[in-house]
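Everything below concerns the one structure shown next.
The values are calculated or read from the model by the stated rules, or taken from the named source; none is laboratory data. Everything quoted here is computed from the prediction, not taken from an experiment. Please note: Cβ atoms are built from the backbone with ideal geometry, for glycine as well, and neighbour counts cover all protein chains shown. Accessible surface is based on the protein model in full, side chains and every heavy atom, while ligands, DNA and RNA are left aside. Shrake-Rupley method; radii C 1.70, N 1.55, O 1.52, S 1.80 Å.
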Amino acid sequence: QSGEVPRESMLRDELRERARAEQRQGSPDVAAVLRNLAERLGEYCGDGSYAYLLDRETTVPADSPLVVFDTRRCPEVVLRSVMFALVEYVTRAIERHRDQSRELAHQPDAPMFTGRTVLLIDEAWHLVGRRETGEFANDLARRARHLGLFLIVMSQHMSDFATEHGLALIRNATMQLFLSQHPDEIPFVQDALRLSDEEAALISRLKTVKGSHAQVFWVNGARGKGRVSLRIGPREYWAFTSDPLRDVPLRD
């Protein structure tokens, strides 16, 4: 209403004002709850430790061709909130890309991926580990087709998705790809995707041969499922693999 950019300190100030009003009206218990909420936001406001996340203007130019967010030093206590904010940022960029390309995309000679985007979320357990961000991730998955979006979520362990929203996300996926799994992961995989005993056994026997190929169990929606070999050329192998004894010295 004021035309200001929303920031966390505005919410804190509103909570404090509401607390004073409730105190004047004879509701000390409600006032105490509101004050407590306001104090809990203190680290996200003004000079607080995390104020840079939610209480200041962004320093990222809107037209940057490349944006890198380094979360390695992000404290665990705010990591899920940070992941939420990053996916929100990326989603807005996806929507702008779709809208800017809408007219070109309908031309008969337009390139296949005009107006479309691939979004790959690694370590997706950060999103599906709690209700608020889990609902957001599933909503994004449902809207992906309308955004011209190919959404890919990854995690090291399949059981990372053993939450209400994690299960919903993988069961609604058009495709699933599995590399070699730890034996303890197989029962969850079988139950989550309703695989047969034969299919679960096939996943348990997947192998990775360094420098050659990796076996993958591919669930390709209604089109079928089975084991395939993932092979890459020497250039890709040089660029993307990370074996410390072979790959890193060669790349260096």
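Residues in the chain average 69 Å² of solvent-accessible surface per residue, probe 1.4 Å, ligands and nucleic acids excluded. Packing, as the average of other Cβ atoms within 10 Å across residues, places the peptides 198-208, 70-80 in the order 198-208, 70-80, highest first. Only helices enter the 222 nm calculation for the chain: every DSSP H run of n ≥ 4 contributes -39,500 (n - 2.57), and dividing by all residues gives -14000 deg cm²/dmol, rounded to 500. The accessible-area ordering, largest first, of the residues S2, S27 stands as S2, S27, per a 1.4 angstrom probe.
Taking every C-alpha pair closer than 8 Å and separated by at least 6 residues, the mean separation divided by the residue count of the chain gives a relative contact order of 9 percent. For D47, the solvent-accessible surface computed with a 1.4 Å probe is close to 150 Å², ligands and nucleic acids excluded. Dividing the Cα radius of gyration of the range 5-111 by its Kirkwood radius returns 1.18 for Rg/Rh. Comparing Q25, Q176, Q107 in a Gaussian network model of the chain where C-alpha atoms under 10 Å apart are linked, the largest mean-square fluctuation is found at Q25. Overall size of the range 154-194 from C-alpha positions, given as principal axis extents largest first: 24, 19, 18 Å.
Computed over the range 25-172, relative contact order equals 17 percent, with contacts defined as Cα pairs under 8 Å that lie 6+ residues apart.
Of all stretches in the chain that contain no chymotrypsin sites (Phe, Trp or Tyr not before Pro) in a DSSP loop with at most 13 other Cβ atoms within 10 Å, the longest one is 114-252.
What's log10 of I(q)/I(0) for the range 169-245 at q = 0.17 Å⁻¹, Debye sum over Cα points only, no solvent? Those come out to -0.72, one per q.
Just so you know, the Cα atoms of the range 95-205 work out to an Rg and Dmax of 16.8, 50 Å. Scattering from the C-alpha atoms of the chain alone, worked out with Debye: what is log10 I(q)/I(0) at q = 0.09, 0.10 1/Å? Cα-only, vacuum Debye calculation for the chain: -0.61, -0.73.
For the range 1-68, a Kirkwood hydrodynamic radius built from all Cα pairs, placed in the Stokes-Einstein relation at 25 °C and 0.890 mPa s, yields a translational diffusion coefficient of 179 µm²/s.
Carbon and sulfur together cover what percent of the accessible area of the chain at a 1.4 Å probe radius? Using a 1.4 Å probe with all protein chains present, the chain comes out at 53 percent carbon and sulfur.
Here, P(r) means the percent of Cα pairs in each 5 Å bin from 0 to the largest distance; for the range 110-151 it is 6, 22, 24, 23, 13, 6, 5, 2, 0.
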